[in-house]
């Protein structure tokens, strides 16, 4: 290709911007993965990224693919075995007719699922259960479904395993678990509490409704109990893998497939319905994003950003974490936080910035996506699950809510980070 480097860089960023716009706006209601894959294909067709390098970039997402397949397999088999309906009935019963109490129960469960199984699991596993709970309670489901989306990001930096993006941002510089908790414990509490208060305030009208009573709850079938045990076992496996500094994808995949196989065997069910209902389209979406980021890595923009970040950290050590966190948070909504996490990791590691600057970047990557409906992979998964249940949330509708919920949570989390940082 005869174009100059600057022209090549401009073309690469233009294609990435076009693909990102398609993922966010979904013109003609085409699925998100089509736009990401189209952008990746264009990079190869225009010789902006060699096809072998594109395949290698897609291969870098193997751990993420395995993780998603494992969690989606667990979620789908649990849904089909009635686990979510049973849990929903329990939640409604313990709400004692109060919508605010049901809202709090959903939020608390969302925290636990996110912390122990990751934010993507919250979107895939918890959302169907919450929809079933709202249906059983005969209340408008959206206020409770919004909890699944927002807590998935707000609680995603409590532990390293709470968001796969955490492992991407820190990479080989991942701090020990106790150091992680010291660094992110207070910011996580700030994010979780502020997000809850903001959501409660925005949904105050809907939470005045009464929750319908529920009659006798049928016992959970053996296959459903096994699915529940499998989810708990997977959580334990993830915590152990994280403690041993191992990749999370393969353990999650093995656990998900093994539990699904046992459940289907006990219930004498065909695996076809489970495989048909899994949202496989998320895998090419992630692959396309990895390829787009690899194309951006080939431009001269990222080394320039690394130089700017290094100079800023040296010249203004107190201000740099704030600016980095806010800018990354906004950019995560423009690019999606998965590619933004990869870009941020490349930039921060090249700049060799202090841990608290990387921590601020991570908070921006994790919490920032609560502004837009396609800011994070977890929210995209949440959207896919909602569509399957017949619910639809538009970009503007989510943005209006995100503008109230995300900024105060982000600023107070960064403030908490500065309080615990040296």
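Residue count for segment 385-406 satisfying the condition of being surrounded by fewer than 19 Cβ atoms within 10 Å (Cβ to Cβ) and within 20 Å of the chain's Cα centre (by Cα): 14.
Tallying residues that are surrounded by fewer than 21 Cβ atoms within 10 Å (Cβ to Cβ), at negative phi and either touching a residue at least 40 places away in the same chain (Cβ under 8 Å) or part of a loop (DSSP other than H, G, I, E, B) (or both) within segment 23-36 yields 4.
For segment 121-142, give me each residue that is in contact (Cβ under 8 Å) with a residue 60 or more places away in the chain and either buried (at least 24 other Cβ atoms within 10 Å of the Cβ) or within 19 Å of residue 82 (Cβ to Cβ) (or both). Before you say what the answer is, go through the steps one by one.
Kept after step one, since they are in contact (Cβ under 8 Å) with a residue 60 or more places away in the chain, are these residues of segment 121-142: 122-125, 127-128, 131, 136-142.
Scanning segment 121-142 gives 122, 123, 124, 125, 127, 128, 131, 136, 137, 141.
Results for (1) at negative phi; (2) crowded, with 24+ Cβ neighbours inside 10 Å; (3) without any contact (Cβ under 8 Å) to a residue 60 or more places away in the chain; (4) touching a helix residue (DSSP H, G or I) at 6+ places or on another chain (Cβ under 7 Å), shown as yes or no for each residue.
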residue	(1), (2), (3), (4)
289	yes, yes, no, yes
304	yes, no, yes, no
307	yes, no, yes, no
342	yes, yes, no, yes
356	yes, no, no, yes
359	yes, yes, no, yes
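Being assigned to a helix (DSSP H, G or I), modelled with pLDDT of 90 or more and touching a helix residue (DSSP H, G or I) at 6+ places or on another chain (Cβ under 8 Å) holds for only one residue in 167, 145, and it is 145. Filtering segment 263-287 to residues that are over 25 Å from residue 31 (Cα atoms) and touching a residue at least 12 places away in the same chain (Cβ under 8 Å) leaves 263, 264, 266, 267, 269. Would you mind stating whether residue 64 is in a helix (DSSP H, G or I), over 30 Å from residue 131 (Cβ atoms) and either touching a helix residue (DSSP H, G or I) at 6+ places or on another chain (Cβ under 9 Å) or at pLDDT below 85 (or both)? It is false that residue 64 is in a helix (DSSP H, G or I), over 30 Å from residue 131 (Cβ atoms) and either touching a helix residue (DSSP H, G or I) at 6+ places or on another chain (Cβ under 9 Å) or at pLDDT below 85 (or both). Here is the figure for segment 20-49: residues that are modelled with pLDDT of 85 or more and farther than 15 Å from residue 295 by Cβ total 1.
Can you tell which of 2, 8, 12 is modelled with pLDDT under 85 and in a loop (DSSP other than H, G, I, E, B)?
Working: 8 fails: in a loop (DSSP other than H, G, I, E, B); 12 fails: in a loop (DSSP other than H, G, I, E, B).
Just one listed residue meets the conditions, 2.
Scanning segment 105-120 for residues that are without any contact (Cβ under 8 Å) to a residue 60 or more places away in the chain and in contact with a helix residue (DSSP H, G or I) (Cβ under 8 Å, 6 or more places away or on another chain), which turns out nearest to residue 240 (Cα to Cα)? Result: 115. From the list 370, 336, the one residue that fits, being modelled with pLDDT of 85 or more, closer than 23 Å to residue 21 by Cα and either buried (at least 24 other Cβ atoms within 10 Å of the Cβ) or out of contact with any strand residue (DSSP E or B) (no Cβ under 7 Å at 6 or more places or on another chain) (or both), is 370. Can you find even one residue in segment 238-260 that is over 29 Å from residue 57 (Cβ atoms), under 20 Å from the mean Cα position of the chain (by Cα) and without any contact (Cβ under 8 Å) to a residue 40 or more places away in the chain? For segment 238-260, residues over 29 Å from residue 57 (Cβ atoms), under 20 Å from the mean Cα position of the chain (by Cα) and without any contact (Cβ under 8 Å) to a residue 40 or more places away in the chain: absent.
Could you identify the single residue in 227, 191 that is farther than 20 Å from residue 105 by Cβ and crowded, with 20+ Cβ neighbours inside 10 Å? Reasoning before the result, please.
On the way: 191 fails: farther than 20 Å from residue 105 by Cβ.
Exactly one residue qualifies, and that residue is 227.
Of the residues 365, 396, 373, 385, which single one is free of Cβ contacts under 8 Å to residues at least 12 places away in the same chain and under 25 Å from residue 143 (Cα atoms)? Result: 396 is the single residue among 365, 396, 373, 385 that is free of Cβ contacts under 8 Å to residues at least 12 places away in the same chain and under 25 Å from residue 143 (Cα atoms). Look through 77, 44 and report the one residue that is buried (at least 24 other Cβ atoms within 10 Å of the Cβ) and part of a helix (DSSP H, G or I). Being buried (at least 24 other Cβ atoms within 10 Å of the Cβ) and part of a helix (DSSP H, G or I) holds for just one of 77, 44, which is 77.
Residues in segment 309-329 that are surrounded by fewer than 17 Cβ atoms within 10 Å (Cβ to Cβ) and either in contact with a strand residue (DSSP E or B) (Cβ under 6 Å, 6 or more places away or on another chain) or more than 12 Å from residue 361 (Cβ to Cβ) (or both): 311, 314, 315, 316, 317, 318, 319.
The values are calculated or read from the model by the stated rules, or taken from the named source; none is laboratory data. Since the model is a prediction, treat every value here as computed from it, not as a measurement. Don't worry about glycine lacking a Cβ; one is built from the backbone with ideal geometry, like all the others, and counts go over all protein chains shown.
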